[in-house]
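To keep things clear, I will list the structure first and then write my remarks on it.
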Amino acid sequence: KKIIRKGANGVLLKNFETVLHDVFSSTSFTEICQQALHALSSQYSKFPPFLEEAEEKEIVENARTGWDEASSSPPPQNVHCNDDDKHGCSSDTSPQLSPPPWPFDKSTNLPSCGCVRGGGVSTNRKPKKTKTGKDIGGVGDVHNRQRAWTKEMQLANMIQCVLALLPDHVRHHHSACSDEESKPKRKYRIVNFAGGTGHLAVPLALLLPHCEVVCVDLKKWSLDLLHRRVDGVVADGDGNEDVSVLDKNTQNGQHKQPCNSSIVQVSQKVPNLSSYLGSIQSYSDDFDIGISLHACGEASDCVLRKCLEKKASWVVCSCCCGKLRRDALNPYTFQSTGGNEKEVSYPQSKTLASFMNATVDHDDVNARCVESAKRFDEIAKAADYSELGDVRKPRNACRRAAKSVVEWDRLLYCKEYDATDNNMHVVLTRMVPWESSTKNDIIIGWYDPSCNPYRRRGATSDNNNNMSKEDPFSDMPPDDPSSQVDFQIALQHLFGGSTAHEKGKDTVPVVTCDQNDWSSEEVTEIQTQLETFINNDAQDILRFHRGMGSRKRKLIHFVAEKMGLRHWGEGKKDAEKIVVVARRRSG
C-alpha cells in the first residue's frame, strides 16, 4: 500500500521525500527522531587546504627536473584558448569565466597532453560539436569554454586532494631513507580507477614524475585514446592514422569485449604513466592512493572497496547515483562488456539499513530487506541531480539532501568496514567552488597519519606549538556549516508548518514557502495575482494561460488552496492544460 504523507504547508511529498520523512521520523511520524538525525545527517568537512603558491611552484620545478633526470622529452607545451583562437574557443558565446585553475593555468604551462583544452593530437578531421556541446574528432580537446572550465575545476580539485594526501617526503621528493637497502622497492603508486582517456591520470603523472600513475579502465578504446594523446600516432603515406595504436575493432565502434585478460601498457613518452585494461576488482597490485572522478554507478563503491582492501588512501567523487537502483543497468560493466551483474547491495552501511528497516512494517526479515532496498532505490533515483543553476539555492534542496544520504551511507560503510582500526579516517567534503559540478561530493580517506590532508604542512616544533616533525598531524578536519544548509531546508520541507498575518480587518493567509519546490519570489508572484483577483469584485473566475508547465500549475493550486479559493484544472494534453481559480461559494 502506497504511503501518502504531507510535508510543510500540507504539500504532498514525493516518493523519495516520503522515504526520507519516515527514516528521520519518530515512531509517531510527526516529529524528527533525534537518534536518526545524529546518525544519518551528513556532516561535511571543509575542503583540504589548497597548496600555497610556493608549494605549487616547487612541484612544477621538481616535475621539470624529473623529466631532465629521466632523459625523456615531454610532449609539446600547451597552447591555451585564451591566447588565441586556434582551438575554436572564439566561437563560444559562453559568459566570461575565471581563468583556468592551477595546474592548467598559463604560467604552469603543463605539457599539452595533460590539458583539457588545446591538448589533443593533430588529426585530419576538423573538430565537430554535438548538440550537448561535446567535442568529437580531437583527442583530448574540449572546445566549449564553459565545459572546459568546469572540467578543469573538477580535475584541479581532485589533484589538490591527491597532493594533500601525499606524505611530505613524496611531495617534496625527499628520500624517506638514506640507506640504499632500506629504500622502498617500488615507486609511490597512484591508481586512477575508471580513468577513461586519462584526463586525471596524465596531469598527475606529469606533475609527479617520481610517482607511478596507473590508469585503470574496462574500455580498450578509452585507453588507446590515452596513449594516443600522450605518445602520439603514426601516419601512413596517405596521411591516415596508423591503427597500430588504435585497435581495428575500435574503428568500427566494437569496443565491447570481455576483460578476461588484463593488459598493461607503459607510455613511451611519460615513463611513469601506464594503463591497465581490466576491471577495478581485477587490479591486484598494491598502491598508495586510489582515485576516481565520476565513476558511474557502483564503480565508485568498487573503488572504495578496493582501497579499503589494500589499506590505501582514497579520493572518490561519485556520479550517476540513479544507476545504483536494482532495476538500472550497471553502466560500468555494461558499456564495456555487455554484462550487467551487480556486486554491491544497497544501502551499504548497517546504520542506514537499520533505520530504513525500521520504517518497514513486515515481520519477515528478508521481506523487510527487500522493501528497504526499494526505498533506497527511491533515494538513489532522486539523488541523480543535474541542475547546476540550483546549487546554492533552496530549490530542490531535498534532492541534494538525498545525494548527501547516499554519500553518507558510503562514508558509514567505510567506517564500519574495520571499526577496530583507529588509524582509518574518512571525511565528506565538496569541490571548490560547488559550481564545478552538480556531482561535487568528494569522499577522502587515509590510514597513515603522515597522509592527513588537513595537517599543517611544514610545521616546526617549538615550546609554544604542539606540532613537531615527530608529530605534525594533529589537525582535524574542520566542519563546513555551509554544506549543511540543504539538509536543514530539506527537514523544514518535510516537517515544517505554515503561518498567517493580519491585513486590515481580514485575516489573509500568508504562504510560508519552504523554498524546496518553489522560490519565495515565485510564491509571491502568484499570491499577488490572486490577491488582485480577490479585490476585483467584477471578476468571478481567473483563468491562467496555457503553457505554464506542471511545476507552475502545481504552485497555483498550492497557493490558491492556502488562500481559501476554489481551484481546478482543465485540458487533457499538457500543452492545453490550464488552472482555473474562483471564489468560495458563500454558505
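The values are calculated or read from the model by the stated rules, or taken from the named source; none is laboratory data. Remember, predicted model here, so these are calculated numbers, not experimental data. Cβ atoms come from the backbone with ideal geometry, glycine included; neighbour counts cover every protein chain shown. To get the accessible areas, we keep the full protein, side chains included, count just its heavy atoms, and leave off ligands, DNA and RNA. Shrake-Rupley method; radii C 1.70, N 1.55, O 1.52, S 1.80 Å.
Values for this structure:
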read-out: Residue match in the stretch 363-375 (condition: open to solvent by less than 50 Å² (accessible area, probe 1.4 Å) and under 16 Å from residue 298 (Cα atoms)); value: yes
read-out: Number of positions in the stretch 277-304 that are closer than 23 Å to residue 224 by Cβ, modelled with pLDDT of 95 or more, open to solvent by 10 Å² or more (accessible area, probe 1.4 Å) and touching a Phe, Trp or Tyr at 6+ places or on another chain (Cβ under 7 Å); value: 0
read-out: Selection count, the stretch 480-509, where residues are of a type in the set (Val, Ile, Thr), within 22 Å of residue 6 (Cβ to Cβ) and either modelled with pLDDT of 65 or more or surrounded by 16 or more Cβ atoms within 10 Å (Cβ to Cβ) (or both); value: 1
read-out: Residue pairs meeting the criteria (Cβ under 7 Å; at least 6 apart or on separate chains; first of a type in the set (Phe, Trp, Tyr), in the stretch 402-414; second open to solvent by 10 Å² or more (accessible area, probe 1.4 Å)); value: 413/348
read-out: Hits in the stretch 359-374 - residues which are out of contact with any Asp or Glu (no Cβ under 6 Å at 6 or more places or on another chain) and more than 18 Å from residue 406 (Cα to Cα); value: 361, 362, 363, 364, 365, 366, 367, 368
read-out: Whichever residue in the stretch 186-231 is within 19 Å of residue 161 (Cβ to Cβ) and of a type in the set (D, E, K, R) and, among such residues, is least open to solvent (accessible area, probe 1.4 Å); value: 189
read-out: Scope the stretch 535-546; condition surrounded by 11 or more Cβ atoms within 10 Å (Cβ to Cβ) and either of a type in the set (Gly, Ala, Ser) or modelled with pLDDT of 90 or more (or both); matching residues; value: 542, 543, 544
